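To keep things clear, I will list the structure first and then write my remarks on it.
The values are calculated or read from the model by the stated rules, or taken from the named source; none is laboratory data. What you see is a predicted model, and the numbers here were worked out from it, not measured in a lab. A quick note on method: Cβ atoms are made from the backbone with ideal geometry, for glycine too, and the neighbour counts reach across all protein chains shown. These area figures cover heavy atoms from the full protein model, side chains too; ligands, DNA and RNA do not enter into them. Shrake-Rupley method; radii C 1.70, N 1.55, O 1.52, S 1.80 Å.
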Number of protein chains: 4
Amino acid sequence: MTKLGIALMGTGRMAHVYGPKINAHPGLTLEVVFNPRIASAQKVSQEYGGRPMDDLDRVLADPAVDAVVIATPTNTHVEYIIAAAKAGKPIYCEKPLDQTLERVDQCLTMLDAHPVPFMLGFNRRFDPDNSALQQAVAAGEIGRLNMLMSTSREPSPPPMEYVRASGGYFVDATIHDIDLMCWIAGERPIEVFSHGSCVFNPEIGAEGDFDLTMTQMKMPSGAIIHINNSRQCAYGFDQRVEAFGTDGLLQTVNHRDDPLMRWSATHTEARTPLKHFFLERYDASFYHALDEFHGAVTQGRAPSASQSDGRAALAIALACAGSAKTGKAVAPDY
Amino acid sequence: MTKLGIALMGTGRMAHVYGPKINAHPGLTLEVVFNPRIASAQKVSQEYGGRPMDDLDRVLADPAVDAVVIATPTNTHVEYIIAAAKAGKPIYCEKPLDQTLERVDQCLTMLDAHPVPFMLGFNRRFDPDNSALQQAVAAGEIGRLNMLMSTSREPSPPPMEYVRASGGYFVDATIHDIDLMCWIAGERPIEVFSHGSCVFNPEIGAEGDFDLTMTQMKMPSGAIIHINNSRQCAYGFDQRVEAFGTDGLLQTVNHRDDPLMRWSATHTEARTPLKHFFLERYDASFYHALDEFHGAVTQGRAPSASQSDGRAALAIALACAGSAKTGKAVAPDY
Amino acid sequence: MTKLGIALMGTGRMAHVYGPKINAHPGLTLEVVFNPRIASAQKVSQEYGGRPMDDLDRVLADPAVDAVVIATPTNTHVEYIIAAAKAGKPIYCEKPLDQTLERVDQCLTMLDAHPVPFMLGFNRRFDPDNSALQQAVAAGEIGRLNMLMSTSREPSPPPMEYVRASGGYFVDATIHDIDLMCWIAGERPIEVFSHGSCVFNPEIGAEGDFDLTMTQMKMPSGAIIHINNSRQCAYGFDQRVEAFGTDGLLQTVNHRDDPLMRWSATHTEARTPLKHFFLERYDASFYHALDEFHGAVTQGRAPSASQSDGRAALAIALACAGSAKTGKAVAPDY
Amino acid sequence: MTKLGIALMGTGRMAHVYGPKINAHPGLTLEVVFNPRIASAQKVSQEYGGRPMDDLDRVLADPAVDAVVIATPTNTHVEYIIAAAKAGKPIYCEKPLDQTLERVDQCLTMLDAHPVPFMLGFNRRFDPDNSALQQAVAAGEIGRLNMLMSTSREPSPPPMEYVRASGGYFVDATIHDIDLMCWIAGERPIEVFSHGSCVFNPEIGAEGDFDLTMTQMKMPSGAIIHINNSRQCAYGFDQRVEAFGTDGLLQTVNHRDDPLMRWSATHTEARTPLKHFFLERYDASFYHALDEFHGAVTQGRAPSASQSDGRAALAIALACAGSAKTGKAVAPDY
């Protein structure tokens, strides 16, 4: 297996997700951990290996670095993408590209000028359940796809600090469902309509954001998409996809922390609540995403989840946000 | 139990549903079967009892007739309601009141002028599963209600003749889900947004109608409603309701024609497709609806599913139809 | 449909089960309710119809009585069977025939001498779930049958008075599973082995009886049967059958009092406990059993569940009881 | 974490299971791969690391070897156990100890004389599902345990060569269920009763062995155990445990190769067959078993699954085999 030396850009939460996955992959070697603050780089480097570095130019000039995995704060993605593209390094970038279409378009222009293999980390595509559903749909198992629905409810609202920097619930979270639905459907919506409410945390509403949303999208083929999201969910992290086609229905089911089915004087056939959150639920997806990146780079093929997928998902998410504010259906700005 | 003598108005498909249920109910007696064509009345009368009659005035003047059950074609509902109201007879009327708000409003004006106990046959409220869900929501079992979704997919499209007279898919079918959602939520939408496609039978599209629709509704409380409907469904009559609240989730599950769970070389834990359609699936609901009517009339209380519920459901269904045509969110004309 | 006039023998709990079912069946008419104490007969008669009578000879001589349904205490079954057989009346008798093989054999001898249509009320064969499973097995859906298992657990132990008169747990309850298993398998065991414990109510153990038993039976074909019974079950009346064949597995699932699936902070996909007991769970089976009887009598064919099935089930149940006492495998005394 | 250098004894199928798990465990280092034929040792060594060795004495004298993992053919287990015990090395031995109680007793005598930490590889105890069930039972979640049942059906019969060397179906396979049931119950049976048939492969019957068995065991507490085994199963590797207690029921459910639930014109809520076999199904259990061994050795505590557990399970399995041959209940020779 061709080995790729990786520079891991960033040392935050997502760096702690990618570090171990890079180490677990037989075709990837963690060569560098980068952070402008060298102390942070050293800390992560001690945990997962790789040389700590704080100078971006030297990282990108390092002959051991074959590719970069960008796991920095969202507002720095474009900067690192452009630098890596100029240096000719293949790029895996945690989603989203950016929170504004303007910056994304600048980024896409630069990537056109400096073409390198590029993959956006829409990890849910690489979740084995979602991936099996996409394959079954693509294989025609349910005939023509007519409806596609995604339920995605989080256990509890994030801290307000996170909410404020998130770009809004649609751009922060619904974007995952949007990309997944478009990828499974194999097409992008003509128009979207969204409703948003604030029912769990009034502070979120005070920021002009929502913690409960529902979205409906019409596809060119006539297929209709439904997405529902909630920032809070009493029974845990609820993740279900349902694809309804002319010949049948496919459903993914929630994963279980606890293997037992329980019967008692108060309930029967019961399972415990879903205690995990996305890092546990989608743990495997990060590995499979890196594997897709490795395969694409080493075999010279286009990776699943390109920069244009990222732009489209953002355009759709912004259209949802616009719809929820204005009460009108919105055509995404592709 | 106080006995009510019933005049069954109409001899079509729904009369064959109500005939046996009237006979099964200990508080109801089938006194008269009415149809302007006496031969039709005689035929149904032979099957379920009651005297065949073809003269509306004599029916309504008959001292044995305590109440009427209207199961005639939709476009005659208002006429019979007005006649029965003038005669002071309590009325149970199969849904919908009518397909136009104008006629419904005339009807409501007459009912105001001639007040009698009136109940509209929104039978799905009386399905034991839906009714258990409504009670659990009302009892606060899941806290504040945040989302409510209804999946309602029919096995196969009706004949074109039926489609043409139906008032459109929203007014014909979605109206059931609309009434059910409003009843469970305990409130009516501020605005609705619907998408419609024609993917199963192009003839339906040629009539300007849809055979695949999805609807989203915003409630005054902030709760958001989702309804999806399909005129065709490979695996049968799919009927599921899901209520998501602050403290949990409630789901109704599909009924089974076949009790067995099957494991073999091709599948495991499999059930057979849902062979039944609405008459079988909601069989019990018609009995419970008549029981509600009997109780309301004999105990002098307002029945569930009033004429104003009927008007609201129609207004919402028409708003859905308007939204699907115009691509805009529509506020129902309450 | 050929009408059969029925004399209902007995006025206890089972008479209250059969009374309404006789009335519900279009081919049966309740002509007579018999009890040697006329007051009891009058009471039941007032509830379900039929003439109250206290003179057995006059009942059996009554020209309106075409057949008898025996629902008297077990220790009087044989007496009434013999009388009805002598009078040439077709007989439906609630199970068991009797608690001793000696009395059963006397009864069978009399039935041989006075042949009349005879059916034993092994109602669980007529439960739609069990019946669907038997038909699927008979139709070869799972190939050769290799294992058959029955789980039958009751909500709570019966009163001691009932236990003392029951003939023991195997003869009282396991006999149902035994008949069902033999009927589905289409063969009777060569030998049985049973374990019994008393874990719920020490008074039951003090009577030499069990409240927890497990039974294993070897069939001539090589198929192996498992039955487990419990007099107490925290989550309700647990009734499951599993048939394992060369080509697959069939399972019946528990019925639900409550239609909802519940998700909350304490459990997910939960159903409520099974509140019903056998009268509710097997309600439909009594109707179907009477229908089988009606069909057999009016069409002149042998009913399912004959007197020899009754004798065999008793012989097997007694073998189980013997095995549990002696710790040895026992060949039933067929 | 204290590191243990491991000598992996054996290079067959189970060595390929333990090799990767030793490498995956942060507290274990694969130091030596032993096989009397050095070429075999070299091959496995190239795959998983460790030095290839063919001289037992040198392996056991090697200072880098802190413990041995025995994964050799069953009939050599005792020899290597004794050698390792004499050398004072902690031992993890794949089950069973041996196929005869005589040899096992010799082994236990030697282990008494040369006490070293010893653990038998009853891996199913360490499967997370079984382990969760055992913990829930031990924690009193279902009150007193009354029944315990294990369903264990293999996809297809092994080659006859394997069958002939297996010691018979009870000793080869049922022994897993036996150990698991005794471990969960926390006690060992007073007596066992087994039925065996040969229904899948007549060659197995010709060897005097069975391919379909059922076993019932009575525990000192009054609890009753059921085990059913089949060498063939059309829908795959069926592994289910059910624990019935005074306060409720716990069930483990089958694992899924395929995450989707499928609805179509031929079936609803269907899952695909279980394509995996024990290496995939119980993959995690081998890691957890080695972790238990590591913890026991490094913390100086007795491991779960001792040599006396191994002896008891064999005595019970032999009692089952004896029972199936003689048709009598058998008290195990503890």
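Some values worked out for this structure:
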item	result
Where a residue in segment D:295-315 is over 27 Å from D:VAL171 (Cα atoms) and its partner, wherever it lies, is β-branched (Val, Ile, Thr), with Cβ under 7 Å and at least six apart	D:THR298/D:THR2
Unmet requirement for B:ASP98, which otherwise passes all of (1) touching a His at 6+ places or on another chain (Cβ under 9 Å); (2) among the charged types (D, E, K, R); (3) within 14 Å of another protein chain (Cβ to nearest Cβ)	(3)
Filter pass, B:TYR287 being more than 30 Å from B:MET219 (Cα to Cα), more than 12 Å from chain C (Cβ to nearest Cβ) and not hydrophobic (A, V, I, L, M, F, W, C)	yes
Qualifying residue in segment D:102-113 (condition: hydroxyl-bearing (Ser, Thr, Tyr) and either crowded, with 16+ Cβ neighbours inside 10 Å or within 18 Å of the chain's Cα centre (by Cα) (or both))	no
Flag if D:THR151 is within 11 Å of another protein chain (Cβ to nearest Cβ), over 29 Å from D:LYS89 (Cβ atoms) and in contact (Cβ under 8 Å) with a residue 12 or more places away in the chain	yes
Some residue of segment A:50-69 being modelled with pLDDT under 95, under 23 Å from A:ALA173 (Cα atoms) and buried (at least 20 other Cβ atoms within 10 Å of the Cβ)	no
Complete set of residues in segment D:183-211 that are within 13 Å of chain C (Cβ to nearest Cβ) and farther than 27 Å from D:LEU120 by Cβ	D:HIS195, D:SER197, D:CYS198, D:VAL199, D:PHE200, D:ASN201, D:PRO202, D:GLY205
Number of the exception - C:LEU30 against (1) open to solvent by less than 30 Å² (accessible area, probe 1.4 Å); (2) under 19 Å from C:LYS86 (Cβ atoms)	(2)
Count of segment D:170-194 residues which are open to solvent by less than 10 Å² (accessible area, probe 1.4 Å) and over 28 Å from D:LEU249 (Cβ atoms)	1
Any hit, segment B:307-314, residues being of a type in the set (Lys, Arg), more than 30 Å from A:PRO155 (Cβ to Cβ) and more than 14 Å from chain C (Cβ to nearest Cβ)	yes
Selected residue (only one of C:ARG103, C:ARG144, C:ARG124 is modelled with pLDDT of 95 or more and farther than 27 Å from C:MET219 by Cβ)	C:ARG103
Which numbered condition D:PRO73 fails, given (1) in contact (Cβ under 8 Å) with a residue 40 or more places away in the chain; (2) open to solvent by 30 Å² or more (accessible area, probe 1.4 Å); (3) under 15 Å from D:ASP291 (Cα atoms)	(3)
Scope segment B:307-334; condition surrounded by fewer than 17 Cβ atoms within 10 Å (Cβ to Cβ) and within 30 Å of B:LEU4 (Cα to Cα); matching residues	B:SER308
Residue under evaluation C:GLU292, criteria (1) touching a Phe, Trp or Tyr at 6+ places or on another chain (Cβ under 9 Å); (2) open to solvent by less than 30 Å² (accessible area, probe 1.4 Å); (3) more than 10 Å from chain B (Cβ to nearest Cβ); (4) not in a loop (DSSP other than H, G, I, E, B), criterion not met	(2)
Residues that are open to solvent by 30 Å² or more (accessible area, probe 1.4 Å), in contact (Cβ under 8 Å) with a residue 60 or more places away in the chain and not in a helix (DSSP H, G or I), drawn from segment A:12-27	A:GLY12
All positions within segment C:151-173 that are small (Gly, Ala, Ser) and outside any helix (DSSP H, G or I)	C:SER152, C:SER156, C:SER166, C:GLY167, C:GLY168
Segment A:223-256, residues that are over 20 Å from the mean Cα position of the chain (by Cα), more than 14 Å from chain D (Cβ to nearest Cβ) and open to solvent by 10 Å² or more (accessible area, probe 1.4 Å)	A:ALA234
Segment C:178-191: number of residues that are hydrophobic (A, V, I, L, M, F, W, C) and more than 20 Å from the chain's Cα centre (by Cα)	1
Single condition A:ARG153 does not satisfy, out of (1) open to solvent by 20 Å² or more (accessible area, probe 1.4 Å); (2) under 26 Å from D:PRO259 (Cβ atoms); (3) basic (Lys, Arg)	(1)
Boolean, C:LEU4 is touching a His at 6+ places or on another chain (Cβ under 8 Å) and open to solvent by less than 20 Å² (accessible area, probe 1.4 Å)	yes
Residues of segment C:100-159 classified as assigned by TED's automatic domain parsing to the domain that holds C:ARG231, among the β-branched types (Val, Ile, Thr) and under 25 Å from C:ASP211 (Cβ atoms), total	1
Within segment A:104-137, tally of residues that are over 17 Å from A:GLU94 (Cβ atoms), within 14 Å of chain D (Cβ to nearest Cβ) and of a type outside the set (Ser, Thr, Tyr)	9
Any hit, segment C:152-167, residues being of a type in the set (D, E, K, R) and in contact with a strand residue (DSSP E or B) (Cβ under 8 Å, 6 or more places away or on another chain)	yes
Pair list, Cβ under 9 Å, 6 or more apart: segment B:191-205 residue among the acidic types (Asp, Glu), other residue part of a loop (DSSP other than H, G, I, E, B)	B:GLU191/A:GLY327; B:GLU191/B:ALA329; B:GLU191/B:ALA331; B:GLU191/B:PRO332; B:GLU203/B:PRO157
Matching residues in segment C:257-269 - criterion: being charged (D, E, K, R) and either more than 7 Å from every other protein chain (Cβ to nearest Cβ) or under 30 Å from C:PRO158 (Cα atoms) (or both)	C:ASP257, C:ASP258
